[in-house]
Amino acid sequence: MSIIHKDIAAIREDYSKYSLDEKDTLAKPIEQFKKWFEEAVNAEVIEANAMVLATNSTDGYPSSRVVLLKDIKPEGFSFFTNYKSKKGISMLGNNKVSLLFFWPELQRQVRIEGLVRQLPQEDSDEYFASRPKMSKIGAIASPQSHVIKDRSVLEERVAELEAIYQTEDAVPRPEHWGGYLVEPVYVEFWQGRSSRLHDRVVYERDAELQWTRFRIAP
């Protein structure tokens, strides 16, 4: 079978902005990530904290979606969501996940594989309290990933909650909503290069929790 959409196949970009040498990277992947993340923010990458979270459900199918990074901890990367959502249920059954950051303005990717666990309730309470009032109400109103009749179900529930919680400080964090931490075991820093000869530097954690660093072919 020949290629049907040759115009799609012809789309390509030659990357030539930067290079990456393992000798120029920091010893720990979290520190190297912080460096690249700061550069992405300074370059005004749109939603530099947007990341693709991939999980595996019990039926064996992988599932991916974009979520937002909300903290970089010494142990890993944190985000917040509904525990009863599809991803929440998947992570409960299989704690092996991956994250992907793509910063096209810098021609960079960061791939992360790791183990996910829920954050302490205090962390979830702190972040929830910092959210705008309507974001808080939305977290309570939405039965995320579950079937609803139509949008009016959400709109009516939001209106009910607005009447109940008339001040921002009164909105409590629901028990079904909170944070997760992804503790990495594998981190790859990908820098686009010309002719598809990209630079790829990998950090891999061993059984003694020590990191080894090496280059892999593009």
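FYI, it's all coordinate maths here, none of it is from the lab. Keep in mind it's a predicted model, so treat the numbers as computed, not measured. When we count neighbours, we look across all protein chains shown, and the Cβ atoms used for this are built from the backbone with ideal geometry, even at glycine.
For the reader, a short list of remarks on this structure follows.
- Note, ³J(HN,Hα) from phi for region 45-55, Karplus 6.51, -1.76, 1.60, rounded to Hz, x at Gly and Pro: 4, 5, 6, 4, 8, 6, 9, 8, 9, 10, 10
- With the helix formula -39500 (n - 2.57) applied to DSSP H stretches of n ≥ 4, the chain reaches a computed 222 nm mean residue ellipticity of -8000 deg cm²/dmol.
- Cα-projected label distance for residue 150 with residue 122, points at 7 Å along beta-carbon direction, nm: 4.8
- Placing +1 on the Cβ of every Lys and Arg and -1 on the Cβ of every Asp and Glu, with nothing else charged, gives the chain a dipole about its Cα centre of roughly 640 debye.
- Kirkwood Rh in Å, taken over the chain so that all alpha-carbon pairs contribute: 19.7
- Gyration tensor (alpha-carbon) shape descriptor, region 149-218, a/c threshold 1.5: prolate
- Semi-axis lengths, Å, region 87-163, gyration tensor of Cα atoms, sqrt of 5 times eigenvalues: 30, 17, 17
- Label separation (residue 160 vs residue 130): 3.1 nm, computed from points 7 Å beyond Cα along the C-beta direction.
- Projecting the Cα atoms of 19, 1, 152 onto the charge dipole of the chain (Cβ charges, centred on the Cα centre) puts 1 farthest toward the positive pole.
- Region 148-189: mean projected area of Cα convex hull, nm²: 6.2
- When the chain is treated as a GNM with alpha-carbon contacts under 10 Å, the residue of 58, 81, 25 showing the greatest mean-square fluctuation is 58.
- Value of Rg/Rh across region 62-123 [Cα atoms, Kirkwood radius]: 0.97
- Cα gyration tensor shape of region 22-110, rounded if a/c is under 1.5, else prolate or oblate by comparing a/b with b/c: prolate
- Debye log10 I(q)/I(0) at q = 0.10, 0.18, 0.22 Å⁻¹ for region 90-218, Cα point scatterers: -0.55, -1.02, -1.22
- A simple charge model with +1 on the Cβ of Lys and Arg, -1 on the Cβ of Asp and Glu and nothing else charged puts the dipole of region 28-124 at about 360 debye relative to its Cα centre.
- The H on the amide N of residue 177, modeled in the peptide plane, is under 5 Å from the matching H of 83, each at least 5 residues off or on a different chain.
- Lysine pair count for region 1-119 with Cα-Cα distance under 26 Å and sequence separation of 8 or more or different chains is 27.
- For region 125-165: rounded, prolate or oblate by the Cα gyration tensor [a/c cutoff 1.5]: oblate
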